[in-house]
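Taking it in order: structure first as structure tokens, then the write-up.
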Ligand code: ACO
């Protein structure tokens with residue numbers, strides 16, 4: 001072994017970086033974020049441009065396969081995804097075994113697990129003695145389609161179960177989002193077409209959500225996937241992480257806070273408690289951004305387009321007041337704490353009739369093309385197990401050196 005390789009394996013080399021503030025775990029050409037100036041791009045395209053010019057399926061193709069699809073490629077992708085949106089009876093039974101008013105995420109985790117146990121492609125790779133996916137882009141791409149379709153179907157099944165509704169099959173001519181809404185039973189009044197207003201809004205909002213670099217849940221997915229585990233199983237790990245209160249779960253926590261304080265008059269008391277470190281302000285703060293999240297202004301633009309619906313939500317006034325205070329208060333400005341884009345996105349969902357108990361599940365789904373893009377990128381490289389080190393701070397017992 002040359003010195004370079006020998007050093008690489010030197011057991012005494014440790015860099016302590018709690019929370020991985022400065023540690024990059026991979027190189028990527030998928031998403032670039034500059035948190036100091038508030039800029040983001042997917043591949044070579046600024047997010048503003050994509051938001052104004054492209055729909056979600058186009059961005060899905062861009063992220064995963066690197067190009068905006070031709071019309072034919074887009075229709076092909078849409079049909080393939082729709083053909084895998086099936087709801088096997090056993091998956092339905094697993095989800096229906098949960099109390100209807102129970103927590104959403106255990107239903108999601110169980111539903112995805114049930115899909116994993118039935119998915120023929122997944123079973124085939126687990127039965128084979130050949131290492132799966134890595135370097136085999138055909139196998140990887142098939143798995144990506146099945147994972148996206150299974151997650152969409154699971155979200156819809158959970159939504160239907162919680163509302164005592166029947167699941168509706170997908171239609172090969174509808175878009176990915178159109179089919180999600182169909183399966184959820186979110187249709188136009190008196191018709192079997194997806195709710196077009198909601199579909200149009202999500203086509204744009206989800207462009208902003210489709211990837212966000214090495215988020216906690218994406219890193220969790222990739223850590224699990226670095227063992228060459230199948231992507232449906234890795235999705236279970238990623239969804240569990242996404243539901244944590246410091247990550248995607250923050251939006252649900254923020255909503256509970258709005259509910260608890262009840263009105264704008266109580267905002268000063270909440271802010272005082274936050275500044276006294278008695279509580280965190282959920283939906284505020286971000287590891288990467290030192291200025292406003294570049295997606296935030298685009299979400300606000302979208303909110304403006306739907307303002308008649310959005311303004312009906314009484315929590316919006318509370319959120320705006322918190323934002324007003326956070327803009328000028330030293331505690332928030334000195335720590336660069338700004339409202340995150342997901343918090344405002346939530347107002348769009350509720351304005352268009354989507355209840356808060358399913359919003360995070362929809363967010364996970366909206367992020368799945370980005371996660372799949374990172375997975376595909378890693379499967380195109382030589383295998384590399386992700387395995388951080390730790391530093392032992394106890395007393396080393398006497399032992400024989402090997
Ligand atoms: N409310 C009050 N104070 C906060 C908040 C907050 N939301 N976020 C950070 N701070 C304070 C910390 O107490 C700390 O103060 P100190 O310097 O006096 O000790 C300082 O700001 C830095 O905070 P850290 O926790 O060290 O920063 P980190 O980058 O690790 O935190 C995080 C990022 C976890 C997102 C944090 O801002 C937070 O807990 N926010 C609330 C949860 C949330 O909204 N998460 C969603 C993130 S976006 C997403 O994942 C979808």
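Being under 19 Å from residue 313 (Cα atoms) and free of Cβ contacts under 8 Å to residues at least 60 places away in the same chain is the filter here; which residues of the stretch 334-364 pass it?
Answer for the stretch 334-364, where residues must be under 19 Å from residue 313 (Cα atoms) and free of Cβ contacts under 8 Å to residues at least 60 places away in the same chain: 339, 344, 347, 349, 350, 351, 355.
List the helices (runs of 4 or more DSSP H) inside the stretch 3-94, counting only whole elements, that have at least 2 residues being loosely packed, with under 11 Cβ neighbours inside 10 Å and without any contact (Cβ under 8 Å) to a residue 60 or more places away in the chain. Give the derivation first.
On the way: elements: 3-8, 47-53, 56-65, 71-83.
Correct list: 3-8, 71-83.
Being within 22 Å of the chain's Cα centre (by Cα), buried (at least 19 other Cβ atoms within 10 Å of the Cβ) and over 29 Å from residue 306 (Cβ atoms), is that true of even one residue in the stretch 148-161?
Within the stretch 148-161, one or more residues are within 22 Å of the chain's Cα centre (by Cα), buried (at least 19 other Cβ atoms within 10 Å of the Cβ) and over 29 Å from residue 306 (Cβ atoms).
Taking the condition surrounded by fewer than 23 Cβ atoms within 10 Å (Cβ to Cβ), farther than 23 Å from residue 86 by Cα and within 16 Å of the ligand (Cβ to nearest atom), does residue 215 pass? Quick ask: steps written out before the conclusion?
Values: surrounded by fewer than 23 Cβ atoms within 10 Å (Cβ to Cβ): yes; farther than 23 Å from residue 86 by Cα: yes; within 16 Å of the ligand (Cβ to nearest atom): yes.
When the stated conditions are applied, residue 215 passes them.
For the stretch 306-320, give me the residue count where each residue is away from the ligand (no atom under 16 Å from the Cβ), part of a helix (DSSP H, G or I) and touching a residue at least 12 places away in the same chain (Cβ under 8 Å). Quick ask: steps written out before the conclusion?
Of the residues in the stretch 306-320, the ones away from the ligand (no atom under 16 Å from the Cβ) are 306-314, 316-317, 320.
Narrowing further to those that are part of a helix (DSSP H, G or I): 307-310, 316-317, 320.
Filter once more, so that each one left must be touching a residue at least 12 places away in the same chain (Cβ under 8 Å): 309-310, 316-317.
Summing the residues that are away from the ligand (no atom under 16 Å from the Cβ), part of a helix (DSSP H, G or I) and touching a residue at least 12 places away in the same chain (Cβ under 8 Å) in the stretch 306-320 gives 4.
Hey, residue 191 hits all of (1) more than 16 Å from residue 309 (Cβ to Cβ); (2) in a helix (DSSP H, G or I); (3) free of Cβ contacts under 8 Å to residues at least 12 places away in the same chain but one; which does it fall short on?
Residue 191 satisfies all of (1) more than 16 Å from residue 309 (Cβ to Cβ); (2) in a helix (DSSP H, G or I); (3) free of Cβ contacts under 8 Å to residues at least 12 places away in the same chain except (2).
Go through (1) touching a helix residue (DSSP H, G or I) at 6+ places or on another chain (Cβ under 8 Å); (2) surrounded by 14 or more Cβ atoms within 10 Å (Cβ to Cβ) one by one and return the number of the condition residue 291 breaks.
(1)
If I filter the stretch 233-270 down to residues being touching a residue at least 40 places away in the same chain (Cβ under 8 Å) and near the ligand (Cβ under 10 Å from one of its atoms), which single residue comes out as surrounded by the fewest Cβ atoms within 10 Å (Cβ to Cβ)?
249
Determine if the stretch 379-392 includes at least one residue that is on the phi < 0 side of the Ramachandran plot and within 13 Å of the ligand (Cβ to nearest atom).
Going through the stretch 379-392, the residues on the phi < 0 side of the Ramachandran plot turn out to be 379-392.
Still in the list and also within 13 Å of the ligand (Cβ to nearest atom): none.
No, because not a single residue in the stretch 379-392 is on the phi < 0 side of the Ramachandran plot and within 13 Å of the ligand (Cβ to nearest atom).
Restricting the stretch 257-277 to residues that are modelled with pLDDT of 95 or more and assigned to a loop (DSSP other than H, G, I, E, B), which is farthest from residue 40 (Cα to Cα)?
Out of the qualifying residues, it is 276.
Taking residue 200 and the conditions (1) under 24 Å from residue 349 (Cβ atoms); (2) more than 11 Å from the ligand (Cβ to nearest atom); (3) in contact (Cβ under 8 Å) with a residue 24 or more places away in the chain, which numbered condition does it fall short on, given that it satisfies the others?
(3)
Identify the residue in the stretch 321-346 that is surrounded by fewer than 22 Cβ atoms within 10 Å (Cβ to Cβ) and in a loop (DSSP other than H, G, I, E, B) and, among all such residues, is farthest from the ligand (Cβ to nearest atom).
Applying the filter and picking the extreme gives 329.
Looking at the structure I just gave you, is residue 277 away from the ligand (no atom under 13 Å from the Cβ) and more than 27 Å from residue 50 (Cβ to Cβ)? It would help to see each step written out before you state the result.
Working: away from the ligand (no atom under 13 Å from the Cβ): no; more than 27 Å from residue 50 (Cβ to Cβ): yes.
No; evaluated as a whole, the condition is false for this residue.
If the Cβ limit is 8 Å and pairs must be 6+ apart or interchain, which residue in the stretch 278-296 that is farther than 11 Å from residue 212 by Cβ and modelled with pLDDT of 90 or more pairs with which residue that is near the ligand (Cβ under 6 Å from one of its atoms) and part of a loop (DSSP other than H, G, I, E, B)?
Note: pairs meeting the criteria are 281/337; 283/340; 284/337; 284/340; 285/335; 285/337; 285/340; 296/340.
The values are calculated or read from the model by the stated rules, or taken from the named source; none is laboratory data. Treat the numbers as computed from the prediction; the structure is a model and nothing was measured. Note: ideal-geometry Cβ built from the backbone for every residue, glycine included; neighbour counts use all protein chains shown.
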